[in-house]
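These notes are about the structure you will find just below.
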Amino acid sequence: MNLVPTPAEPGYSGNRAAEIVGITYRQLDYWARTDLVRPSLVDAAGSGSRRRYSYRDLLELRAVKSLLDAGIRLETVREVFSYLRDNLGEDVTSANLVIQGTRTVLIRRDEELIDLVKKGQGVLNILPMAGVKDELDARIVELRPTGAVPPVEGRDAVGG
């Protein structure tokens, strides 16, 4: 069971991605088919094809799982990620999300709060995206066979 991609097989398979992130393959498949988080390396191209997820994809998947675990509705998670992708691009781990019920606010810098979804009330939670990255890295190391090399911070697991 190799959790670290090789040059011949870059990225992570769907099964491995689901295992690392802590979701079912069925969830992963649904999120890909509905464009929540599509694999950026190789997308499914019909029956029998295999998706390949990058390290960045795993970060997004883990963030989605964390938001859902915090009680955020899937529809709201979709809106949040749409905004993050459009406004933060590659650096989603630089963000902090403040979650209050169904309301989600992005903190870009200490003085800048951006309301992502303007509705709802509830308990305040904060999801530091860098913490999501740390959790994901720890899970990869935990599941990695002895001697395998983990991805380098700031570089995708595909070696680029």
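Structure notes:
- Test: Leu58 is under 14 Å from Ile20 (Cβ atoms) and touching a strand residue (DSSP E or B) at 6+ places or on another chain (Cβ under 7 Å): yes
- Single residue of the range 23-49 satisfying the filter (surrounded by fewer than 14 Cβ atoms within 10 Å (Cβ to Cβ) and among the basic types (Lys, Arg)) that is farthest from Ile140 (Cα to Cα): Arg33
- Residue in the range 25-69 that is nearest to Lys133 (Cα to Cα), counting only those that are under 14 Å from the mean Cα position of the chain (by Cα) and assigned to a loop (DSSP other than H, G, I, E, B): Ser54
- Among residues that are surrounded by 14 or more Cβ atoms within 10 Å (Cβ to Cβ), of a type outside the set (Lys, Arg) and at pLDDT below 75, Val4 is included.
- For the range 70-92, the criterion of being among the acidic types (Asp, Glu), in a strand (DSSP E or B) and either buried (at least 17 other Cβ atoms within 10 Å of the Cβ) or at pLDDT below 80 (or both) is met by no residue.
- No other residue among Arg52, Arg56 is among the basic types (Lys, Arg), modelled with pLDDT of 85 or more and within 16 Å of Asp29 (Cα to Cα) apart from Arg52.
The values are calculated or read from the model by the stated rules, or taken from the named source; none is laboratory data. Keep in mind the model is a prediction, meaning the values are calculated, not measured. So basically every Cβ, Gly included, is an ideal-geometry build from the backbone, and we count neighbours across all protein chains shown.
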